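I have placed the structure first, in the form of structure tokens, so that the comments after it can refer back to it.
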Amino acid sequence: MAYWLMKSEPSTWSWDQQVAKGKEGEMWDGVRNYQARNFMREMKVGDKAFFYHSQTERAVVGIVKIIDEVKPDPTAEAGSPWECVTVEAVGPVKTPVTLSEIKAEPALQDMVLVNNSRLSVQPVTAAEWKYVCKMAGVKP
DNA sequence: GCCAACGTTGGC
DNA sequence: GCCAACGTTGGC
């Protein structure tokens, strides 16, 4: 199983909205970046991802899992190359892990979040996943 | 609100 | 195919 991190501006799509969707989940639409789309193509049902609030909050606030593989993005024009997966909220983290905490942590210096802040969908290694879960007070 | 980083577009 | 110009994202 692979691990990921998915970013959202809380004003556009927040963790609370994701939780409200329950088991129905929500299509992660609106991504218009090839790198991010390619990572979504690699996702498999059952993979887990950190739900990260960008902009105002800048912290990992919850955990989601992939419940459907990539499908054409309904918000994009027909025939466009954009696709998206569907994610379901697994649960909130006990303690949000902020970007500054991640940056201050030597073990997490190689996270894409630290080195390429603009990429909205990114892979997380198993070691990073474990470490951030520990900081967040949740089971990996 | 500003600015750096990055991706995309278009002229040549 | 290169590179300048532009637009967007996200941290601060």
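Of the residues making up the stretch A:118-139, those that are loosely packed, with under 13 Cβ neighbours inside 10 Å and within 16 Å of DNA strand B (Cβ to nearest atom) number 1.
Pull up the stretch A:25-54, narrow it to residues that are among the charged types (D, E, K, R) and over 12 Å from the mean Cα position of the chain (by Cα), then point me to the one that is farthest from A:Gln122 (Cα to Cα). Let's see the steps before the verdict.
Residues of the stretch A:25-54 among the charged types (D, E, K, R): A:26, A:29, A:32, A:37, A:41-42, A:44, A:47-48.
Adding the requirement that they be over 12 Å from the mean Cα position of the chain (by Cα) leaves A:26, A:29, A:32, A:37, A:41-42, A:44.
Working: A:Glu26: 18, A:Asp29: 15, A:Arg32: 14, A:Arg37: 10, A:Arg41: 12, A:Glu42: 11, A:Lys44: 14 Å.
Taking the candidates together, the pick is A:Glu26.
If you go through the stretch A:1-25 and keep only what is open to solvent by 40 Å² or more (accessible area, probe 1.4 Å) and part of a strand (DSSP E or B), you end up with just A:Tyr3.
Give me the residue from the stretch A:92-127 that is touching a residue at least 40 places away in the same chain (Cβ under 8 Å) and more than 16 Å from DNA strand C (Cβ to nearest atom) and, out of that set, nearest to A:Gln17 (Cα to Cα). Checked the stretch A:92-127; the qualifying residue nearest to A:Gln17 (Cα to Cα) is A:Pro92.
Report yes if A:Glu69 is in a helix (DSSP H, G or I), at pLDDT 95 or above and more than 16 Å from DNA strand B (Cβ to nearest atom), otherwise no. No: the conditions fail for A:Glu69. Out of the stretch A:72-117, which residues are open to solvent by less than 70 Å² (accessible area, probe 1.4 Å), within 16 Å of DNA strand B (Cβ to nearest atom) and part of a helix (DSSP H, G or I)? Across the stretch A:72-117, the qualifying residues are A:Leu99, A:Val112, A:Leu113, A:Val114.
The values are calculated or read from the model by the stated rules, or taken from the named source; none is laboratory data. Predicted model only: the values in this text are computed from it and were never measured. Ideal geometry is used to build each Cβ from the backbone, glycine not excepted, and the neighbour counts take in all protein chains shown. Quick note on the areas: whole protein, heavy atoms, side chains included, nothing else; ligands and nucleic acids left out. Shrake-Rupley method; radii C 1.70, N 1.55, O 1.52, S 1.80 Å.
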